[in-house]
Amino acid sequence: MAELTRPGRSVGGRIGVRELATVHGLAIDRVALHGPGTSHESLGIYKSPDVSTEAMGGVPTFAKLVSMVAKVASDNAITLGARLAFATTPDMAAKLMTVLVASAAGSEVIWTGTVLDGKVANYPAAASTQLSSTMSTLEASGGSEHGIIFGKWNDLIIGLWGALELVVAPFTYARRGLISVTSFQMADIAVRHGESFCVATGATAS
């Protein structure tokens, strides 16, 4: 179960409830993708058991990306109603917009559409900074690799216990004329079937 806490403090400005809700939402997304399963953080897609991997060995090729689709399909994860899509970083999406599907004349680029909302191998493809661009194999940091995931996204379950709570302590900083506000939310994340996802390792944008 993930325990997400973030103290809110304003000096010469304001922190709104919507701002706090956005921060919590981003934290939940990050854990869903890269959560280590330790330190009160849930296990994300990259660290979940039974998730397939595809070694890119540099800039991804069309064949490697199609292989990710094939690995998910061979595990019987592609079913009626499956919400299948690619996800990666904005920099990787921009790179794939310049890489050809094949070397033959007139070939299309791998990523079509916009950087944030495109298609790869006829599947929806989205870019988000929530996927790390400093990965080292399966670790979210320590290198220069970009995260790429293909999968059945309705097998990623995010549960919320209650709503976003604000804990107000009017006396903690009373001598300074300040009020301490802490935001708190309980969430848990589960990958229902690891076989529904394939993640890339060693993917670089140059």
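The values are calculated or read from the model by the stated rules, or taken from the named source; none is laboratory data. Keep in mind that this is a model prediction, so the values were computed, not measured. In this analysis, Cβ positions are derived from the backbone assuming ideal geometry, glycine residues included, and neighbour counts consider all displayed protein chains. Areas reflect the complete protein model, heavy atoms only, side chains present, ligands, DNA and RNA absent. Shrake-Rupley method; radii C 1.70, N 1.55, O 1.52, S 1.80 Å.
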### Message
Give me the one-decimal nm value for the distance between modelled label points at residue 22 and residue 165, 7 Å along each residue's Cα-to-Cβ direction.
### Response
2.5
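Quick check for me: using +1 on Lys/Arg Cβ and -1 on Asp/Glu Cβ, what's the dipole size of region 48-206 about its Cα centre, in debye to the nearest 20?
Computed about the Cα centre, the dipole is about 340 debye.
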### Helical contribution to [θ] at 222 nm, DSSP H n ≥ 4, -39,500 (n - 2.57), averaged over the chain, rounded to 500
-6000 deg cm²/dmol
### residue 39 accessible area, assembled protein chains, probe 1.4 Å, Å²
100
### Message
Under a crude label model (7 Å from the Cα following the beta-carbon direction), how far is residue 63 from residue 38 in nanometres?
### Response
3.8
### Summary
Length gained, residue 173-residue 94, 0.36 nm per residue minus C-alpha separation, equals 23.7 nm
### Query
Quick one: Cα centre-to-centre distance for region 86-110 and region 152-180, in angstrom?
41
### Task
Please report the orientation-averaged projected area of the chain, defined via the convex hull of its C-alpha atoms, in nm².
14.0
### Between 0 and 90°, nearest 10: helix 17-34 axis offset from the chain longest Cα axis
40
## Note on the structure
Scalar couplings 3J(HN,Hα) for region 101-113 by Karplus 6.51 cos²θ - 1.76 cosθ + 1.60 (θ = phi - 60°), nearest whole Hz, x for Gly and Pro, are 5, 9, 7, 5, 4, x, 5, 7, 7, 5, 9, 10, x
### Message
I need the calculated FRET efficiency for the pair residue 79 and residue 192, taking r as the beta carbon distance and R₀ as 22 Å, to the nearest 0.05.
### Response
0.95
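So in the chain, what percent of DSSP beta bridges are antiparallel if you round to the nearest 5? Walk me through the numbers on the way to the answer.
On the way: 37 of 45 bridges.
Percent antiparallel among DSSP bridges in the chain is about 80.
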### Extended-chain gain in nm, criterion 0.36 nm per residue less alpha-carbon gap, residue 139 and residue 119
4.6 nm
